[in-house]
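The values are calculated or read from the model by the stated rules, or taken from the named source; none is laboratory data. Values in this document were obtained by computation on a predicted structure and should not be read as measured data. Positions of Cβ are generated from backbone atoms using ideal geometry, with glycine treated the same way; all protein chains shown enter the neighbour counts.
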Amino acid sequence: MYGDDPVAVARRWAAEGAPRLHVVDLDGARSGRPVHLSLAARICAAVDVPVELSGGLRSLEDIEAAFAAGADRVQLGSAAVRSPAFAGEAAARWPGRVVVALDVRRARPAVDGWQAEVGEGALLDLARRLVGLGVPRLMVTDIERDGALTGPNVALYRELVSQLTVPVVASGGVRSVDDLLSLARVGCEGAVVGKALYEGLLDLREALEAVSRC
């Protein structure tokens with residue numbers, strides 16, 4: 001835990017220059033339905049930067065509710081993995097505002113808040129299928145590196161960027177400016193940074209300045 005006031009935390013990162021906030025309803029991801037939409041709405045109202053919301057969004061109605069709460073973009077995870085056609089339908093209904101999050105453990109997508117794995121070495125095939133259905137952006141998390149501060153799986157992102165025609169956002173393991181620069185050099189559109197900021201290992205303003213020069 002890094003504080004008991006998510007709204008204050010959101011204001012802090014926005015004030016320090018975060019270009020976008022990535023907000024995850026962890027309870028929603030595990031339960032399969034949005035749990036904290038009212039809190040998400042308070043966060044969206046409190047900051048002047050775009051908010052991307054994920055966790056438990058499994059229907060078009062859930063997505064509509066997330067946008068009504070003030071989200072600029074939504075992320076679909078388990079629902080998109082289980083039904084790529086659903087992700088394509090959502091992407092068509094809200095152009096440019098739907099991201100699919102692929103959480104991966106040893107090349108296998110995981111669902112339900114990482115509680116279950118599906119497929120067998122099917123990451124790239126699944127990613128290509130989603131792109132073919134109109135999904136405009138993917139965020140890929142290496143589960144084994146998430147929160148570990150061991151550095152991102154640069155080889156994974158290099159392969160994905162080289163094989164796909166949509167932007168790829170990296171997540172998991174980022175601990176330093178050098179990590180961010182490595183991801184930028186292989187073509188990632190961006191990166192989700194969490195623990196390194198909360199632990200004080202990475203200064204947000206310095207990181208943004210360094211990446212802007214890459």
*Within the bounds of the range 127-136, is there any residue that is touching a residue at least 12 places away in the same chain (Cβ under 8 Å) and under 20 Å from Gly28 (Cβ atoms)?*
no
*Among the residues of the range 191-214 satisfying the criterion of being in contact (Cβ under 8 Å) with a residue 24 or more places away in the chain and under 23 Å from Ala127 (Cβ atoms), which is farthest from the chain's Cα centre (by Cα)?*
Gly194
*Somewhere in the range 174-193, is a residue in a helix (DSSP H, G or I), of a type outside the set (A, V, I, L, M, F, W, C) and surrounded by 21 or more Cβ atoms within 10 Å (Cβ to Cβ)?*
yes
*Would it be correct to say that Glu206 is out of contact with any helix residue (DSSP H, G or I) (no Cβ under 7 Å at 6 or more places or on another chain) and over 13 Å from Asp142 (Cβ atoms)?*
no
_Residue match in the range 2-20 (condition: touching a residue at least 40 places away in the same chain (Cβ under 8 Å), of a type in the set (Ser, Thr, Tyr) and buried (at least 20 other Cβ atoms within 10 Å of the Cβ))_ = no
*In the set His36, His22, which member is touching a strand residue (DSSP E or B) at 6+ places or on another chain (Cβ under 8 Å) and of a type outside the set (Gly, Ala, Ser)?*
His22
_Go through (1) of a type outside the set (Val, Ile, Thr); (2) closer than 23 Å to Ala87 by Cα; (3) modelled with pLDDT of 95 or more; (4) surrounded by fewer than 19 Cβ atoms within 10 Å (Cβ to Cβ) for Arg137 and report which single condition fails._
(4)
*Residues of the range 50-88 classified as assigned to a loop (DSSP other than H, G, I, E, B), in contact with an Asp or Glu (Cβ under 7 Å, 6 or more places away or on another chain) and more than 17 Å from Pro19 (Cβ to Cβ), total*: 3
*Pick from the range 89-100, criterion part of a helix (DSSP H, G or I) and either in contact with a strand residue (DSSP E or B) (Cβ under 7 Å, 6 or more places away or on another chain) or of a type in the set (A, V, I, L, M, F, W, C) (or both), ranking: surrounded by the most Cβ atoms within 10 Å (Cβ to Cβ)*: Ala90
*With respect to Gly3, is the statement that it is at pLDDT below 95 and in contact with a helix residue (DSSP H, G or I) (Cβ under 7 Å, 6 or more places away or on another chain) true?*
yes
*With respect to the numbered conditions (1) over 11 Å from Arg137 (Cα atoms); (2) part of a helix (DSSP H, G or I), which one is the sole condition not fulfilled by Asp103?*
(2)
*If you take the residues of the range 101-122 that are modelled with pLDDT of 55 or more and more than 22 Å from Val24 (Cα to Cα), which of them is surrounded by the most Cβ atoms within 10 Å (Cβ to Cβ)?*
Ala122
*Right, Val23: farther than 19 Å from Ser171 by Cβ, outside any loop (DSSP other than H, G, I, E, B) and not assigned by the TED database to the domain that holds Val140 or not?*
no
*Within the range 51-66, which residues are in contact (Cβ under 8 Å) with a residue 24 or more places away in the chain and surrounded by fewer than 16 Cβ atoms within 10 Å (Cβ to Cβ)?*
Leu60
*In the range 28-49, is there at least one residue being within 13 Å of Val74 (Cβ to Cβ), under 17 Å from the mean Cα position of the chain (by Cα), modelled with pLDDT of 95 or more and not in a helix (DSSP H, G or I)?*
no
